[in-house]
Amino acid sequence: MQQLDALTREAVALAGGGARVIPILSVPEAEVGRQMQICNACRYCEGFCAVFPAMTRRLEFGQADIHYLANLCHNCGACLHACQYAPPHEFAVNVPRAMAEVRRQTYADYAWPPALGRLYQRNGLTLSVALAAGLALFLMLAVALNGTLWGGRLEGNFYRLFPHNLLVGLFAPVFLFVVFALGKGVTRFWRELTPATSGAPLSAPAAAEATQAVLRLKYLDGGHGEGCHDEDDAYTLSRRRFHHFTFYGFLLCFAATSVATLYHYLFGWHAPYDLPSLPKLLGVVGGVSLMIGTAGLWRLNRRRHPLQGDAAQKPMDLGFIALLFLTSASGLGLWLGRGTPALALLLCLHLGAVMALFATLPYGKFAHGIFRTAALLRHAVEKRLPNPVGLGAD
């Protein structure tokens, strides 16, 4: 029925001569629209997360509204276990799964170039591991040709194997590509969301509130502070805690690289660095945190109840988790084995994992984190305005 309505509106718009064409909803988008109509009539879950207050400000759900709500959803599962219309009820309301299916679609819709987004969406885990292994193998072969894959007179200094300028030449293009691709995707996403969320400009209070929600992972508490659901209907804060380990571990590792860059170019202090230098402290703490977080998320992802999310998205999620774990584990291994004959081998493994991680960042969970941040920013703006529907409370 939703698609029939969309086709009717498009036909009317075309007959009107130059009127704006309303996008035809995909099957997952139409399903979210159907479920939101039911939820809008019920409103039992209104206090659970940002999705439901945002829902009450709408009587119809266009494509931009659906993309906005899907990226506001943190897939905590609270609404599924509270819903009286959840399966096996004939209404079959499963908001976490419906939202997850739309989010998976947005990864491809906003990806640049689109072909890479579709490829990663279908084969995320295989592509991630194969890319990391392939890049590492390429580096190993290059090093082996020089006879330094095992042993060699490196004296713990990996720049004797790969000079600094060579590493910059390898990683700078990849980093710039990631920034460009993510920038194009999130810019398009923001432009589509802004008119659908009042069109009001971003304010400092709204930005502060959204930033706090992102940094605290506020909406992974189930709306009541007791946590999400995973394998069953029991509350648990495990997902929130492991997300924190992963999120802040990644930030610490990025900070370590940034500080090391400043050391190199501003002060002429060249790597490798030892404890208790700031880059090493940040890198070690961040690496350990990242390993804990990703190991925990892998376990939770594999054991989560099948109703709680989109099964087709698992390969993409697990691919991102695997690359984060491989990057942190190989980085710590490189540090611990720096003075051994395995330095060259460990360095190749680490560089392969890092390059594969960066090359896939625009097409999976990392991109979703940016889209979710954008959605939370628009929600913080929208909620400060009078409810255009005039029903319920924000």
Excluding residues fewer than 8 positions from K314 in its own chain, the lysines with Cα under 16 Å of it are K365
Sorting H350, H379, H89 on solvent-accessible surface, 1.4 Å probe, most exposed first, gives H89, H350, H379
The lysines whose Cα lies under 17 Å from the Cα of K383, excluding any fewer than 8 residues away in the same chain, are K218
Taking Cα atoms only, helix 204-216 is inclined relative to the longest principal axis of the chain by an angle, in degrees rounded to 10, of 60
Most fluctuating of N75, N165, N301 in the GNM of the chain (C-alpha, under 10 Å) is N165
Relative to the chain, whose Cα atoms define the longest principal axis, helix 343-360 and its Cα axis are tilted in degrees, nearest 10, by 20
Of the candidate values (1) 21.3; (2) 22.1; (3) 22.8, the one computed for Kirkwood radius over Cα pairs in Å from this structure is (3)
Dividing the alpha-carbon radius of gyration of the range 277-351 by 2.2 N^0.38 Å, where N counts its residues, gives 1.34
Note to self: with every protein chain in place and a 1.4 Å probe, the chain gives an accessible area per residue in Å² of 47
Per residue, the convex hull enclosing the alpha carbons of the range 237-394 has a volume in Å³ of 175
If unit charges are put on Cβ atoms (+1 for Lys and Arg, -1 for Asp and Glu) and the dipole of the chain is taken about its Cα centre, the option from T246, G352, C228 lying farthest towards the positive end turns out to be G352
Scalar couplings 3J(HN,Hα) for the range 69-82 by Karplus 6.51 cos²θ - 1.76 cosθ + 1.60 (θ = phi - 60°), nearest whole Hz, x for Gly and Pro, are 5, 4, 8, 6, 5, 9, 6, 6, x, 5, 5, 5, 7, 8
To the nearest 10 degrees, the tilt of helix 124-145 (Cα long axis) against the first principal axis of the alpha carbons of the chain is 20
Connecting every pair of Cα atoms under 10 Å apart in the chain and solving the GNM, the largest mean-square fluctuation among E60, E192, E90 falls on E90
Most fluctuating of D65, D233, D221 in the GNM of the chain (C-alpha, under 10 Å) is D233
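Rounded to a whole number, what % of the accessible area of the chain do carbon and sulfur atoms account for, probe 1.4 Å?
66
The values are calculated or read from the model by the stated rules, or taken from the named source; none is laboratory data. As the structure is a prediction and not an experimental result, all values here were calculated from the model. Positions of Cβ are backbone-derived with ideal geometry, glycine not excepted, and every protein chain shown enters the neighbour counts. To get the accessible areas, we keep the full protein, side chains included, count just its heavy atoms, and leave off ligands, DNA and RNA. Shrake-Rupley method; radii C 1.70, N 1.55, O 1.52, S 1.80 Å.
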